[in-house]
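> Just dropping this structure here.
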Amino acid sequence: MRQLAELYAPLPRTRLAALPTPLERGPELPKGGRLWVKRDDLTGLGLGGNKARKLEFLVGAAKAAGAKSLITVGAAQSNHCRVTAAAGAALGMGVHLVTSGVKPVRAEGNQLLDQLFGAQIHYVGCPPSHWGELEIVRESLTAELEAQGEAPYSIPIGGSTPIGALGYLLAYVEMIDQFDARGLDVPTIVVTSSSGGTHAGLVAGRALLRAMGRKPLPEILAVGVSQGVINGSPDIAELAAQTLTLLGYEPRHCETMVSDRDIELDGRWMGEAYGVPTPEADEAIVWGARNGGWVLDRVYSGKGLAGLLGAARAGRWRDGGDVVFVHTGGHPALFASGGMPPLDPGH
Ligand SMILES: *Cc1c(COP(=O)(O)O)cnc(C)c1O
């Protein structure tokens, strides 16, 4: 897709991820369809995950703006913070992380890695899903560092800006190339959604290929794991349209390229709240581990796969087809306290 590459070639990008990620054949799904797993847990940077693709464009923009350091924000076990810390370490940029909770006595999981990568961690003390409070502290810290002449580049929660979402616009194109090469017939791509940028980027990629006359185009099913995205914040269609404007299309034209019908978000798998484990996600984690050796987590990808298995059991793919799960990563959180309950042996 050469014509496409010309559209995004001029955008500032810093290579950070090992791409393309593998597409693995999995088992048959309950009631029809075959599972395939897009291994975005293997993007490489700082133990990988979906944030590496977003950071290629976010860090590209930071460098283009002459930034010397990165600031971002997230829950204590944020994968986004961990991968941002790794990007800073790889590029010799300082990293400030604004995070929920208090300084742990003994760092575990992602926080251990944040420290290992040398990030400066600013503890806000609030619960993990108080995003508004965390964002305010990020903004004030950004202003403070600017006043000190540090030239920081400040990244909102999850890196879910139009620039960050570009990473997943390209991931959609990458997947279509892989499906073509292997002759797959993909009705649906399933992805876990929290701050919305991954979902919006995939929707933008699909809209772009549709505008170029390509078909068939797999639909996107997002499984929401945080209250914000389930309640419509951010507006995924709007974020997807803003992402398309970065490719040089007129904003008014972009709004017509994406419609609300392109957005499907299943909010039934979050459970009580963001980060609170569910029996369905725990079951999906075990299912993924014992059916393909995949390592999922309780906050994100386990709930996402639970949503996929739920749709399969409801007969969504009873006519067959190659159903793709985008494995967005998150496994370091398994090694933090509360990472997994005791398990029975399999087989
Ligand atoms: C951040 C994250 C997601 C969700 O991506 P968003 O773009 O924030 O919606 C899914 N899975 C994992 C493991 C993540 O770290």
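> Every residue in region 134-155 that is surrounded by fewer than 16 Cβ atoms within 10 Å (Cβ to Cβ) and either away from the ligand (no atom under 16 Å from the Cβ) or at pLDDT 95 or above (or both), please.
ILE136, GLU139, SER140, ALA143, GLU144, GLU146, ALA147, GLN148, GLY149, GLU150, ALA151
> Just to check your reading of the model, which residue among LEU47, LEU29, LEU55 is surrounded by 17 or more Cβ atoms within 10 Å (Cβ to Cβ) and over 15 Å from the mean Cα position of the chain (by Cα)?
Exactly one of LEU47, LEU29, LEU55 is surrounded by 17 or more Cβ atoms within 10 Å (Cβ to Cβ) and over 15 Å from the mean Cα position of the chain (by Cα), namely LEU29.
> Turning to a different aspect of this structure: Using beta carbons and a limit of 7 Å, which pairs, at least six apart or on different chains, have the first residue in region 195-208 and closer than 10 Å to ILE236 by Cβ and the second one assigned to a helix (DSSP H, G or I) and near the ligand (Cβ under 6 Å from one of its atoms)?
GLY197/GLY158
> Right, VAL105: modelled with pLDDT under 95 and either more than 16 Å from the ligand (Cβ to nearest atom) or of a type in the set (A, V, I, L, M) (or both) or not?
yes
> Given the structure, is GLY330 under 16 Å from the mean Cα position of the chain (by Cα), at positive phi and within 16 Å of the ligand (Cβ to nearest atom)?
Judged against the criteria, GLY330 is a match.
> When you scan region 55-70, do you find a residue that is out of contact with any His (no Cβ under 8 Å at 6 or more places or on another chain), polar (S, T, N, Q) and in contact (Cβ under 8 Å) with a residue 12 or more places away in the chain, even just one?
Scanning region 55-70 turns up no residue that is out of contact with any His (no Cβ under 8 Å at 6 or more places or on another chain), polar (S, T, N, Q) and in contact (Cβ under 8 Å) with a residue 12 or more places away in the chain.
> Of the numbered conditions (1) within 16 Å of the ligand (Cβ to nearest atom); (2) more than 17 Å from VAL258 (Cβ to Cβ); (3) touching a His at 6+ places or on another chain (Cβ under 8 Å), VAL229 fails exactly one; give the number of that condition.
Only one criterion in (1) within 16 Å of the ligand (Cβ to nearest atom); (2) more than 17 Å from VAL258 (Cβ to Cβ); (3) touching a His at 6+ places or on another chain (Cβ under 8 Å) is unmet by VAL229, namely (2).
> Confirm whether VAL258 is more than 23 Å from LEU23 (Cα to Cα), buried (at least 22 other Cβ atoms within 10 Å of the Cβ), away from the ligand (no atom under 16 Å from the Cβ) and in contact (Cβ under 8 Å) with a residue 40 or more places away in the chain.
Yes: the conditions hold for VAL258.
> Scan region 266-289 for residues that are in a loop (DSSP other than H, G, I, E, B), out of contact with any strand residue (DSSP E or B) (no Cβ under 8 Å at 6 or more places or on another chain) and either surrounded by fewer than 18 Cβ atoms within 10 Å (Cβ to Cβ) or acidic (Asp, Glu) (or both) and jot them down.
ARG268, GLY271, GLU272, ALA273, VAL276, THR278
Conditions (1) under 24 Å from PHE179 (Cα atoms); (2) in a helix (DSSP H, G or I); (3) in contact (Cβ under 8 Å) with a residue 24 or more places away in the chain, marked per residue:
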{"residue": "ALA306", "(1), (2), (3)": "yes, yes, yes"}
{"residue": "ALA312", "(1), (2), (3)": "yes, yes, yes"}
{"residue": "GLY320", "(1), (2), (3)": "yes, no, yes"}
{"residue": "PHE325", "(1), (2), (3)": "yes, no, yes"}
{"residue": "THR328", "(1), (2), (3)": "yes, no, yes"}
{"residue": "PRO332", "(1), (2), (3)": "no, yes, yes"}
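> Quick one: which helices (runs of 4 or more DSSP H) lie wholly within region 139-230 and hold at least 3 residues that are in contact with a helix residue (DSSP H, G or I) (Cβ under 8 Å, 6 or more places away or on another chain)?
The helices (runs of 4 or more DSSP H) meeting that bar are 162-182, 197-211.
> Conditions first: (1) more than 14 Å from the ligand (Cβ to nearest atom); (2) within 22 Å of SER78 (Cα to Cα); (3) hydrophobic (A, V, I, L, M, F, W, C). LEU47 passes all but one, so which condition is the exception?
Going through the list (1) more than 14 Å from the ligand (Cβ to nearest atom); (2) within 22 Å of SER78 (Cα to Cα); (3) hydrophobic (A, V, I, L, M, F, W, C), LEU47 breaks only (1).
> Out of everything in region 63-102 that is of a type in the set (Ser, Thr, Tyr) and in a strand (DSSP E or B), what residue ends up being nearest to the ligand (Cβ to nearest atom)?
THR72
> Within region 156-201, take every residue that is more than 9 Å from the ligand (Cβ to nearest atom) and of a type in the set (Phe, Trp, Tyr) and give me the one that is nearest to ALA240 (Cα to Cα).
Checking each candidate, the answer is TYR172.
> List the number of the failed condition for VAL323; all other conditions in (1) over 19 Å from the mean Cα position of the chain (by Cα); (2) away from the ligand (no atom under 16 Å from the Cβ); (3) surrounded by 16 or more Cβ atoms within 10 Å (Cβ to Cβ) hold.
Just one mismatch for VAL323, condition (1).
> Just for region 82-126: of the residues that are within 21 Å of the chain's Cα centre (by Cα) and more than 20 Å from LYS54 (Cβ to Cβ), which one is surrounded by the fewest Cβ atoms within 10 Å (Cβ to Cβ)?
LEU112
The values are calculated or read from the model by the stated rules, or taken from the named source; none is laboratory data. Just so you know, these numbers come straight off a predicted model, no measurement behind them. With ideal geometry, Cβ positions are generated from the backbone for all residues, glycine too; neighbour counts draw on all protein chains shown.
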